1. Kindly evaluate residue 150 against the criterion of being in contact with a helix residue (DSSP H, G or I) (Cβ under 7 Å, 6 or more places away or on another chain) and either modelled with pLDDT of 95 or more or buried (at least 17 other Cβ atoms within 10 Å of the Cβ) (or both).
2. Taking residue 191, is it surrounded by fewer than 23 Cβ atoms within 10 Å (Cβ to Cβ), of a type outside the set (Val, Ile, Thr), within 21 Å of residue 34 (Cβ to Cβ) and in the same structural domain as residue 111 (by TED's automatic domain parsing)?
3. Which condition from (1) touching a strand residue (DSSP E or B) at 6+ places or on another chain (Cβ under 7 Å); (2) part of a helix (DSSP H, G or I); (3) not hydroxyl-bearing (Ser, Thr, Tyr) is the one that residue 192 breaks?
4. Collect the residues in segment 24-53 that are outside any helix (DSSP H, G or I) and either within 18 Å of residue 66 (Cα to Cα) or at pLDDT below 95 (or both), keeping them in residue-number order.
5. Within segment 318-399, which strands (runs of 3 or more DSSP E) (wholly inside it) include 2 or more residues that are touching a residue at least 40 places away in the same chain (Cβ under 8 Å) and of a type outside the set (Asp, Glu)?
6. Can you give me the number of residues within segment 336-387 that are basic (Lys, Arg), modelled with pLDDT of 95 or more and farther than 18 Å from residue 234 by Cα?
7. Can you name the condition, by its number, that residue 132 falls short on among (1) within 18 Å of residue 53 (Cα to Cα); (2) surrounded by fewer than 22 Cβ atoms within 10 Å (Cβ to Cβ); (3) aromatic (Phe, Trp, Tyr)?
8. Can you tell me which residue among 108, 94 is under 21 Å from residue 146 (Cα atoms), of a type in the set (D, E, K, R) and surrounded by 23 or more Cβ atoms within 10 Å (Cβ to Cβ)?
Amino acid sequence: MTVKIEKSRLCGEIKAPPSKSAAHRMLLLAAISGGVCKVDNLDYSEDVLAMIDCLNALGAKCRANGGEVEVDGSGFLKNITPTLNCRESGNTLRFLIPLCLTLGCEIRLEGSKRLMERPQKVYSDLCREHGFLYKSDGAVTVCGRLSSGVYRLDGSVSSQFISGMIFALLCCDGVGKIEIAPPFESRSYVELTLRAIEAFGGKARFIDPLTVEVVGKSLSPRNVTVEGDYSNAAFLDAFNCAGGAVKVTGLSDNSAQGDRIYKKHFADILSGSPEIDISDCPDLGPVLMAAAALNNGCKLTGTRRLAIKESDRGEAMKEELEKFGVKIICSENEITVPKCSLKAPGEPLCGHNDHRIVMSLAVMATVTGGVIEGAEAVRKTYPSFFEDIKKLGARLEIF
């Protein structure tokens, strides 16, 4: 899909889309609870559909009715299809690998080439240490009989591994513990997991800053509502960094989402050229780079994990921002965006098969105009993105 965007000033009020991160957690916990639950306020992005497909393959019955999904977990982890298709969803893959290790049979988890290239060493090390099967051959095959106990995991790669182990221990009898080897990055996403577990009456908590205790079989079936998504709201709010007047509603002031920090970072960029540590909010990297290029520049630190996302986000944004005349400096764990004058790109922009790159480029294109190729990547998490910004006044054509 190609999108041509003309210079536009976006104005108006819009409700934030549902949180993909919260949706994944709520759907999975509904299945683990073993009863019938309703999960409301869902957006059927590719990532959410991947989770629903995998839950069905693991024995749950998910029935969609508009923005609500009824999850019957009575057959979860009992009636199993041994092959799961995770599509491009990192959450789905990493949340389900340790859960599959509780089953005592081989499960094959498949997905896109890029997903399978993303690091899984935390889990391969875990399997080696505990005598479980872990095989990677363009997909991941695991087999084991994981039970409650004490597990030590590297906290520097992705918090998804920590959350995945928490979900697995919820399926086990007894009390388990996860010891996290520092540095512990994206802690806020683990807090989001614990908040979701609390919504189902479950028992999981930090007993010290680097140890999580999980009480197995502690969930109860509940009806829950998915909160608004700060991660995608950031792209809507970013149009205010491009001269717009957009009000984003539907966000919880009490959210555990780490990406809620974007509001402070945007304010800092609009008032100066700040240094921003994104080690706890790496998904904000591309949109912060776009906002900085449109305003006063900035230095981002803690950027090394951008290289292992849906694309190498630092290099992808560097390549695309150069088309606007912005000369970004990237190093292993730092990115500098200078203050400069933008020019209209003289060639098409590339979405790099990455939803956050596409949406960041769309923000910039409303200032200069531009054509984005590969714009269908937004379907991964925010399928209605272009429809929504058109309602706010974006002048665009979709081919």
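The values are calculated or read from the model by the stated rules, or taken from the named source; none is laboratory data. Note that the structure is a prediction, hence the values are computed from the model and not measured. So basically every Cβ, Gly included, is an ideal-geometry build from the backbone, and we count neighbours across all protein chains shown.
1. Considered against the rule, which asks whether it is in contact with a helix residue (DSSP H, G or I) (Cβ under 7 Å, 6 or more places away or on another chain) and either modelled with pLDDT of 95 or more or buried (at least 17 other Cβ atoms within 10 Å of the Cβ) (or both), residue 150 comes out as no.
2. Details: surrounded by fewer than 23 Cβ atoms within 10 Å (Cβ to Cβ): yes; of a type outside the set (Val, Ile, Thr): yes; within 21 Å of residue 34 (Cβ to Cβ): no; in the same structural domain as residue 111 (by TED's automatic domain parsing): yes.
It is false that residue 191 is surrounded by fewer than 23 Cβ atoms within 10 Å (Cβ to Cβ), of a type outside the set (Val, Ile, Thr), within 21 Å of residue 34 (Cβ to Cβ) and in the same structural domain as residue 111 (by TED's automatic domain parsing).
3. For residue 192, the exception is condition (1).
4. First, pick out the residues of segment 24-53 that are outside any helix (DSSP H, G or I): 33-45.
Across segment 24-53, the qualifying residues are 36, 37, 38, 39, 40, 41, 42, 43, 44, 45.
5. Working: elements: 329-331, 334-337, 370-373, 396-398.
The qualifying strands (runs of 3 or more DSSP E) are 334-337, 370-373, 396-398.
6. 1
7. So residue 132 meets the others, but not (1).
8. That would be 94, the only listed residue that is under 21 Å from residue 146 (Cα atoms), of a type in the set (D, E, K, R) and surrounded by 23 or more Cβ atoms within 10 Å (Cβ to Cβ).
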